[in-house]
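Below is the structure I would like to discuss, written out as structure tokens.
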Amino acid sequence: MTMPDASPIWLTIKLASLTTAILFVVGTPLAWWLASTKSKLRPFVEAVTALPLVLPPTVLGFYLLLVMSPHSPLGAFWVKVSGETLTFSFTGLVFASILYSLPFMVQPLTSAFEAVGRGPIEAAASLGASPVDAFFRVVAPLSARGFVTAGVLTFAHTLGEFGVVLMVGGNIPGETRVLSIAIYDHVETLQYAEAHALSAGLLAFSFIVLLLVYTFDRKARVRVG
Amino acid sequence: MSDSDRIKKRQDGEAFALSLRVVLAEFTLELDEILTPSGVTAVFGRSGSGKTTLLRAIAGFEKPVRGRIALGDQVWFDEEAKIFEPPNRRSIGMLFQDVRLFPHLDVRANLDFAWKRRNTWTAKAGMQQNIARDEVIEALDLDIMLGRNVTSLSGGEQQRVALARTLLTSPDILLLDEPLAALDRERKAEILPYLEDVTRRFMIPTLFVSHDLDEVARLADRMMVLSEGQVQMYGETAEILERLDLEPIGGRFEAGVLVEGKVLRHDTRLHLTTVDLDGDALAIPLAEDSSVGDILRLRVRARDVALATERPAGLSIRNVLPGEITDLIRTPGSGEVEARVQLRSAHIRARLTLAAVEELGLAPGRRVFVLVKSVSLEGGR
């Protein structure tokens, strides 16, 4: 077995970490809103959030390609501010991953917040805690498991992203050539040894991460009672 | 307003003028009342009568459609002036039926959560005394459990921690939403004395929602009876508990009277305590926790009282008191009559049959002997 080029591995980890970090910031308020709103817009927003779960990645990728193309308003604006195109770039890949992995962040967080319920929040409010104070001191600690699950699922799901990347990112070494693309590439060119090394690595990594999550989950459950 | 003005207002009870005009989706409620600083007002009614909703509106968890909610000079809701203070800006202390301690924090950290936030509304209201942390911990006997995980506590212990937690914010009004409903009889008996003690000791006017008349009789000085979102009755607890028309609302609760008397002596051999009702001595089962001179609150059910026209001899009933009938009220649609009898200073109610009233020729003004079969002890102070 020959050692494959390490660059797709680092690129993938960079993409997954960045996507997860940004989704924590974006997904938490969205999940909080979904868990607590009485708005009629809620089912609409929920459906949009869940779309990446059911759509073929090529459909999402196709529309993202259109929206991010330098000929579209968003794509053109991006070229003007940053000097580079969104399509076939790492930045474009991050944008695409955020949308693609959104449900994996928002859904576990929403259920975690719903499980906490109004009770502890009302108790905190009656003790003088503002909504933000109550969120950080009561809701967030009580949703710790939800945050871990959401983070890990988002990270792991971004690792395995293929269709969307292929559509909007292509296969540019060091820029958009992530693991899944590299594996595909190796198979296409009949480099089975390299494909094997990357695939086995990804398989083992994913398994270990999930194992850790479920172990932590079980312990957390016992501790919370 | 200076602090001393506020303290004076507090002492006069003026600061606790609770003004409510609440129009919620399901009901309208109007009430202007000055709550006494150490007073407990029960909000009583069947489930669905709107009592919890009322409390939640005062706390700010429900927004009324119209109306005004104010405590003293703090306006918490005014539809016309477009004022709505969120719960965290109202100087309330709330105790929930389902306790709601924070499970990720131990007892000490639950208390600290409240303690750290005790001044969040002081700037606006500023009339509450600052309740001392140590005094609260001592009053509720929490010393030994400070380091414990709240999930390991019994239901009664949890509610004690929750009570302490809410006191530590030095609220101007305590809102108790059926805090005992989830507890069994023993746990209830364990926490009731703490509730009694705390409301008197810290001088916080209290609204106490309950559907249990025994609890109301024990804790509340005044009571408000809600039915379908309307205030049906409002007044002194003792007075309202006597009213027969309470029965359809009170359900199992028996009509009767609430009397207060002073402990005269204990007889441990016969297991009796003698209580003086301003001239009339009443023997009750030994009240072990009380000492001579204590005031006890007793409830005498109308069905446990019989009347005799002459002093009976050879009777097993120990309590025979002379009195005079003041009223006879026939219960509509039944053969029952409720008699009100004036004793030396207290009065008592008896449930009789119409047949007995006619045979004995009972009428207002008639001197009788009151035979009390049993008395229940509701509390003491």
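The values are calculated or read from the model by the stated rules, or taken from the named source; none is laboratory data. On a predicted model such as this, the values are computed, not experimentally measured, just so you know. Note that each Cβ is placed from the backbone with ideal geometry, even for glycine, and that neighbours are counted across all protein chains shown. For accessibility, only protein heavy atoms count, side chains too; no ligands or nucleic acids. Shrake-Rupley method; radii C 1.70, N 1.55, O 1.52, S 1.80 Å.
Please go through the range B:42-60 and pick out each residue that is part of a loop (DSSP other than H, G, I, E, B) and open to solvent by less than 40 Å² (accessible area, probe 1.4 Å).
B:Gly45, B:Ser49, B:Gly50, B:Gly60
Could you give me the residue pairs with C-beta distances under 7 Å whose first residue belongs to the range A:20-39 and is open to solvent by 40 Å² or more (accessible area, probe 1.4 Å), whose second residue is of a type in the set (Gly, Ala, Ser) wherever it lies, and which are 6+ apart or on separate chains?
That search, which allows pairs on different chains as well, returns A:Phe24/A:Gly151.
Within the range A:32-84, how many residues turn out to be of a type in the set (Val, Ile, Thr) and under 18 Å from A:Val168 (Cα atoms)?
Counting residues in the range A:32-84 that are of a type in the set (Val, Ile, Thr) and under 18 Å from A:Val168 (Cα atoms) gives 4.
Same structure, new question: Give the residue, chosen from B:Thr166, B:Thr151, that is in a helix (DSSP H, G or I), open to solvent by 10 Å² or more (accessible area, probe 1.4 Å) and within 12 Å of chain A (Cβ to nearest Cβ).
Of B:Thr166, B:Thr151, the one residue that is in a helix (DSSP H, G or I), open to solvent by 10 Å² or more (accessible area, probe 1.4 Å) and within 12 Å of chain A (Cβ to nearest Cβ) is B:Thr151.
Residue-by-condition table, conditions (1) facing chain A (nearest Cβ under 7 Å); (2) assigned to a loop (DSSP other than H, G, I, E, B):
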{"site": "B:Glu80", "(1), (2)": "no, yes"}
{"site": "B:Asn88", "(1), (2)": "yes, no"}
{"site": "B:Asp98", "(1), (2)": "yes, yes"}
{"site": "B:His104", "(1), (2)": "yes, yes"}
{"site": "B:Trp115", "(1), (2)": "no, no"}
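Another one. Is it the case that A:Thr49 is surrounded by fewer than 15 Cβ atoms within 10 Å (Cβ to Cβ), assigned to a helix (DSSP H, G or I) and touching a residue at least 40 places away in the same chain (Cβ under 8 Å)?
no
Give the residue, chosen from A:Phe44, A:Phe135, that is over 25 Å from A:Ala16 (Cα atoms) and out of contact with any helix residue (DSSP H, G or I) (no Cβ under 8 Å at 6 or more places or on another chain).
Result: A:Phe44 is the single residue among A:Phe44, A:Phe135 that is over 25 Å from A:Ala16 (Cα atoms) and out of contact with any helix residue (DSSP H, G or I) (no Cβ under 8 Å at 6 or more places or on another chain).
Same structure, new question: Quick one: count up the residues across the range A:109-153 that are within 12 Å of chain B (Cβ to nearest Cβ) and open to solvent by less than 10 Å² (accessible area, probe 1.4 Å).
10
Checking B:Gly365 against (1) open to solvent by less than 30 Å² (accessible area, probe 1.4 Å); (2) on the phi > 0 side of the Ramachandran plot, only one condition comes out false. Which one?
Only one criterion is unmet by B:Gly365, namely (1).
Would you check if B:Gly93 is under 24 Å from the mean Cα position of the chain (by Cα) and more than 14 Å from chain A (Cβ to nearest Cβ)?
no
Okay, next question. Condition first: at pLDDT below 90, surrounded by fewer than 17 Cβ atoms within 10 Å (Cβ to Cβ) and either within 14 Å of chain A (Cβ to nearest Cβ) or in contact with a helix residue (DSSP H, G or I) (Cβ under 7 Å, 6 or more places away or on another chain) (or both). Now tell me which residues in the range B:131-148 satisfy that.
B:Arg133
Can you tell me which residue is surrounded by the fewest Cβ atoms within 10 Å (Cβ to Cβ) among those in the range A:91-104 that are of a type outside the set (Ser, Thr, Tyr) and within 15 Å of A:Ala21 (Cβ to Cβ)?
Checked the range A:91-104; the qualifying residue surrounded by the fewest Cβ atoms within 10 Å (Cβ to Cβ) is A:Val94.
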